[in-house]
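Have a look at the structure below, then the notes.
The values are calculated or read from the model by the stated rules, or taken from the named source; none is laboratory data. These figures come from a predicted structure and were not determined experimentally. All Cβ positions, even for glycine, are placed from backbone atoms using ideal geometry, and neighbour counts span all protein chains on display.
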Amino acid sequence: VTNPDVTSAAAALRALLTEDLDTYRRLHAGLGAGQRRAFAVALTIAFNEAAVRQFGDDHTPASIIEFVAGARARYPRTGEAVPAEDAEAVIRAALGEDDLIDRLDGHAYGAAQTAMLFALTREDNDVDALLASAAAQAEDYLQRRARR
Amino acid sequence: VTNGNGRTWQMLRDLSSWHGRPGTSPGQERAELGTAQRLQAFEDADDISDAAGHIGEAIDADLRGTPGPSGHPRSYHATASTAHDHPQPPGPGVSDTIGSIAVTGVAAAAAIRYALSGRRKEHQP
């Protein structure tokens, strides 16, 4: 069973990650309450998976610093909206340091994840596979939440 | 017991039954285990979604700025001097290092990383 909210959320995320920003703007603006929730969950799952793919089990703080600095330099307008330490915190949280996200409010958390997901997927041509996995996990998570 | 954002650890424990899919690697499993992240996403969905919209606008501005040969924005070295123009609040303890890296580019980042991991050890008695 496909959750239509997740499908809509994944479509918006795909538009962002494929740099179809006009479509992203339109799809994102049209998300309803349930779709926005699905979007946030799918975004988080996709980001976590992309971070693990990028840094794996043998990451170092220096490698994360280098990646964030490079991304912020390459996309300066986006970098202005996302402090470096927020970007590093969400990556490190995805790699296991969950407590680092406690200090971030929802807006900072979402901004950092979105910017870093975009950066993490610039060299990865398999955005569709990433989003398919994220959508499946988001559906599962939301179903389990709904049963609670 | 609650954490800094008022979320209950009990909720975290309730949701900790997620064990990933059979056959996944440790890295994949850890990604799927991101229970705290999923909970934050679920609870702060509106703020996160709003932020994602704002970041989309920033990305759009970057991509429309001065596209490079590959369709991406300006090269790293061309943009490096604009990356850090706001103060860095206390974070995971790397902000000073980041500032230096962003100003001097990828080459400097590699040098700093090398310095952190290697040269300091060499100079220790």
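Taking the criterion of being more than 20 Å from residue B:36 (Cβ to Cβ), modelled with pLDDT of 95 or more and buried (at least 23 other Cβ atoms within 10 Å of the Cβ), would at least one residue in the range A:101-111 satisfy it? Quick ask: steps written out before the conclusion?
Residues of the range A:101-111 that are more than 20 Å from residue B:36 (Cβ to Cβ), as a first pass: none.
No - not one qualifying residue is present in the range A:101-111.
Any idea which residue in the range B:9-67 is nearest to the other protein chains (Cβ to nearest Cβ), counting only those that are in a helix (DSSP H, G or I), modelled with pLDDT under 90 and touching a His at 6+ places or on another chain (Cβ under 9 Å)?
B:32
Please go through the range A:11-61 and pick out each residue that is among the aliphatic types (A, V, I, L, M) and within 15 Å of residue B:54 (Cα to Cα).
Within the range A:11-61, A:12, A:13, A:15, A:16, A:17, A:21, A:27, A:29, A:31, A:40, A:43 qualify.
For the range A:15-58, which residues satisfy the criterion of being hydroxyl-bearing (Ser, Thr, Tyr) and in contact (Cβ under 8 Å) with a residue 24 or more places away in the chain?
Result: A:18, A:44.
Restricting attention to the range A:58-94, and to residues there that are at the interface with chain B (Cβ under 7 Å from one of its Cβ atoms) and under 24 Å from residue A:138 (Cα atoms), which single residue is surrounded by the most Cβ atoms within 10 Å (Cβ to Cβ)?
My answer is A:94.
Say whether the condition of being more than 23 Å from residue A:14 (Cα to Cα), surrounded by fewer than 18 Cβ atoms within 10 Å (Cβ to Cβ) and at pLDDT below 95 is met by at least one residue in the range A:122-132. If you could, list the steps in order and put the result at the bottom.
Step one: of the range A:122-132, the residues more than 23 Å from residue A:14 (Cα to Cα) are none.
Checking the range A:122-132: not a single residue is more than 23 Å from residue A:14 (Cα to Cα), surrounded by fewer than 18 Cβ atoms within 10 Å (Cβ to Cβ) and at pLDDT below 95.
Residues to consider are A:55, A:39; find the one that is facing chain B (nearest Cβ under 7 Å) and of a type in the set (Phe, Trp, Tyr).
Answer to the selection: A:39.
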